[in-house]
1. If you average the sequence gap of Cα pairs under 8 Å that are 6 or more apart and divide by the length of the chain, what percent do you get for the contact order?
2. Averaged over all directions, how much area does the convex hull of the C-alpha atoms of the stretch 171-295 cover when projected, in nm²?
3. If you take the beta carbon distance between residue 241 and residue 62 as r and set R0 to 45 Å, what does 1/(1 + (r/R0)^6) give as a FRET efficiency, to the nearest 0.05?
4. Can you tell me the FRET efficiency between residue 203 and residue 7 if r is taken as the Cβ-Cβ distance and R0 is 22 Å, rounded to the nearest 0.05?
5. Could you tell me the ratio Rg/Rh of the chain? Both radii from Cα atoms, Rh via Kirkwood.
6. How many angstrom lie between the C-alpha centres of the stretch 37-88 and the stretch 321-372?
7. Any idea what angle helix 227-261 forms with the longest principal axis of the chain, computed on alpha-carbon atoms, 0 to 90 degrees, nearest 10?
8. Restricting to the chain, compute how many DSSP beta bridges are antiparallel as a %, nearest 5.
């Protein structure tokens with residue numbers, strides 16, 4: 001049983017749009033106020049403020065003169081904004097994210113409603129402080145007898161409205177397979193597998209780069225504060241959204257196929273943040289989305305009973321011969337094929353790296369045993385036998 005989000009596009013009425021705009025603004029105000037309060041308390045007095053104190057301050061703030069507009073929206077999204085800030089701090093202190101920043105009006109907006117702030121009946125969803133159900137485009141059905149625990153309404157910079165329904169769902173594991181694969185992530189090709197398969201990199205940003213530069217120039221020439229500038233900015237946002245949507249769709253198709261076909265997938269731990277400091281490759285690395293591919297593989301593997309093994313980032317996968325394990329002193333990026341001076345085998349750089357990643361990953365499987373062992377004994381035995389053969 002997992003918590004799974006189903007995201008849909010919806011089209012609000014004028015009244016719903018006004019209410020959601022108010023809700024987004026109030027959530028942003030509460031989040032920014034709480035962040036400023038916590039920063040001042042810590043830097044000025046070295047004092048940490050708990051979420052319960054901030055929650056009480058929001059309730060008191062509604063009673064102040066000039067703050068009555070906070071009572072026009074549901075109180076649940078406002079309290080959830082405080083919990084989101086608490087999660088942001090937790091992620092920062094545990095090293096998963098940067099220090100929280102203030103939310104901006106012209107960025108993406110969102111508000112979260114828990115189950116006491118919406119009504120779900122017969123496929124109709126009505127949010128608190130609203131009268132009519134949302135006009136949702138049901139692009140895919142919800143699970144039967146789905147219990148919705150929370151609803152997140154969002155609006156992206158392109159002006160599109162989305163709703164994400166969080167439900168508890170039982171996902172059946174996929175049938176066992178004895179196939180294992182090593183995957184080398186690249187730029188010219190998105191993925192290179194140890195089977196010799198090469199998955200192309202569509203370069204989504206590069207495809208729209210000239211058009212994006214054109215609409216950005218038009219936006220820059222408009223008078224600041226004018227409606228024409230807002231219209232031009234909306235065109236830039238829509239083009240960015242199209243690039244992100246096409247990239248995400250392609251990544252989901254690739255990762256889903258890898259999960260369905262392989263029991264164990266071995267990847268290399270890449271230091272993407274450090275690689276982005278290389279200004280010659282930063283744009284291409286950002287466009288390919290290595291981090292998102294790894295994230296999708298990991299959560300889909302947890303859903304469907306697969307294993308994703310991450311090997312050490314300092315493993316010399318490209319310059320080590322997969323046949324005799326001879327390691328070159330250096331191998332520059334422009335060398336795509338090389339001949340091993342020890343055994344004379346000619347290697348394709350990427351396929352050789354995928355073979356080495358597979359061998360290192362299966363060595364981890366053999367060492368860890370039950371921690372990454374597949375679910376059934378027959379498949380586990382086959383994978384561990386392969387691991388022992390490659391590691392020896």
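Just so it is clear, none of the values below were taken in a lab; they were calculated from the coordinates. Remember, it's a predicted structure, so these values are computed and weren't measured experimentally. When we count neighbours, we look across all protein chains shown, and the Cβ atoms used for this are built from the backbone with ideal geometry, even at glycine.
1. With pairs under 8 Å counted, the relative contact order is 15 percent.
2. Over all viewing directions, the stretch 171-295 projects a mean Cα-hull area of 10.3 nm².
3. Calculated value: 0.80.
4. FRET efficiency, residue 203 to residue 7: 0.30.
5. Looking at the chain, the ratio lands at 1.03.
6. Using only Cα atoms to place each centre, the spacing works out to 54 Å.
7. That helix lies at roughly 40 degrees to the long axis.
8. Here the share of antiparallel DSSP bridges comes out near 80 percent.
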